[in-house]
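First the structure, in the form of structure tokens, and then the observations on it.
The values are calculated or read from the model by the stated rules, or taken from the named source; none is laboratory data. Quick caveat, the model's predicted, so the values are computed rather than measured. A quick note on method: Cβ atoms are made from the backbone with ideal geometry, for glycine too, and the neighbour counts reach across all protein chains shown.
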Amino acid sequence: MTQSIPADIAALPFETALAELETIVGRLEKGDVPLEDSIALYARGDALRVQCEVHLKKAETRIEKITLDAQGKPIGTSPLDGE
């Protein structure tokens, strides 16, 4: 499943995307949003979720590069490679 992330969402840092996602979830949980607006909010929330997952995966990859050697054994730390 590959989902295209709108450019405005793709540009958001993790913290901003997560905060907006939490706001959307809160609005939807209240149940007082009209159906069409709910559908649009749900779609945006799903794109925000995907963007957060992208950020987390990148962070996980960077951390693994710092702490593991080619065999997957801990070797300490090394400089990040600017990905």
Residue in the stretch 1-32 that is farthest from Lys58 (Cα to Cα), counting only those that are part of a helix (DSSP H, G or I) and of a type in the set (Asp, Glu): Glu29
Residue among Ile9, Ile5, Ile63, Ile75 that alone is at pLDDT below 95, surrounded by 15 or more Cβ atoms within 10 Å (Cβ to Cβ) and not hydroxyl-bearing (Ser, Thr, Tyr): Ile5
